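One structure is given below, encoded as structure tokens.
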Amino acid sequence: MTRDDVGGTADDSDNVGGTASRCSVDLPLHLTEKILCYLSPLVLARLAVVGKSWAALISDLLAKPAAPHLFVTTESVCRGSPSEPPHRRGFVVAVSLDGSELSSPAIIPARPHLADLLSQGSRCVGATSSGLLAFHDASSSVAVVLANPATDELRRIDVGYGLMHHQALKTTSGGGGGFFYQDAVGDLTVWRRRPAEGCDDGWSKLTVRRAAEQWATRATTILSVASSGDGGAAYILHEDGWVCKVDIATATPWLLSMERLPVPSLVDSLEFPSATRFCGRLPRAGTYLVESGEEILFVREVLEYSGNAHGFGSHPGLLVGFEVCRLDEADRRWARLERLAGDRALFVSPESAFSVRASETAGCRSGCVYFVSETPRCSWRHVDGSTTTWGVYSMEDGRVLFQRPVVGGSSVGRTVARWFLPNVR
């Protein structure tokens, strides 16, 4: 039996009394396939080199839609030398989407190039629909690094002038697969993958041209961006609650037009607790635009507060659910949803939000919102860490089904997590 036979062969090269002992393991095809189905796509991609039969079997498994994974970073500060930069480490975590307990969750350390990027101080600021994670390059104020955790490929893109910060860049959910960058003076550019044009690294830059009425809101912060299913348009949610639409399909060369949709501001359309509403702005945390099939959805956390919810010593709100609204462009309104259309599930986390078909995703529950919640542990003078959890909210039941700590956290420092779809191609 050779290494190319199904099941593989394990060779022991230990010599006992001058004689080499050899041990073979031969598993039937159906058992091998069942075992491999339990492994993460990132692990499967590495096992494809075992042999031809394994490569063929794994290739078929990887052709199926990948289940969302969590990319987790831990940031710790040396208490003895607080002036030293924080130490960052990264992990890819495969969680059980059906809520079953895993005896040994799949925790995959970041591969060498990505690990080096994190050790240099770069932080994850989003995830694209094509399986890439976006990082703010700590060595440059205007550079974005796109990393594929599955292949360990990195691509550095200089986005232009102006000081970049974590709120300046927003990746798109849906069919766009790119990102928006807002520079220091409020100008917008769109970066998207267009390999057919032979651009540098397959990415091209397009400037967004604002309509006359848009200049008044030039300096407002972008909270979230979602692309239409075909990638022909992008929808931008501003902190003042207005949504703008950027027409990508009919763009003139290197120039995009943007218009504010004649739909009421979400600040005026929804009721927010006084603790989360400030000067007519949407809260920066826990609000998302998500593409779901042919629909654009607004998703926001619903928090329950106890005690004093203002000022120093305030207690963070408890996440008790989500509110979901559908953008109705024809009737110029936001329509509240009791359930998701079709066979959909939503995945939301800071700077990353997308939808999947539940029937095509192993263990995924239809009509649910999979979330990441980062609750800072605040004291009078500083934030000394955070409690980061992931969980599932059922829109049909109107309750959180379960909520669990993110694997790979640390009792000292900060732990953050982002949903992403692995792409091993």
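FYI, it's all coordinate maths here, none of it is from the lab. Since this is a predicted model, take the numbers as computed values, not measurements. Note that we place each Cβ from the backbone using ideal geometry, even for glycine, and neighbour counts take in every protein chain shown.
A few notes on this one:
- Backbone HN-Hα couplings from phi across the stretch 354-368 [Karplus 6.51/-1.76/1.60, Hz, Gly and Pro as x]: 7, 10, 9, 7, 4, 5, 9, 10, 4, x, 6, 9, 5, x, 10
- Put a dot 7 Å past the Cα of residue 294, heading toward its Cβ, do the same for residue 396, and the two dots end up 2.4 nm apart.
- Listed peptides 115-122, 90-97 appear in the order 90-97, 115-122 once ranked by packing, highest mean of other Cβ atoms within 10 Å at the front.
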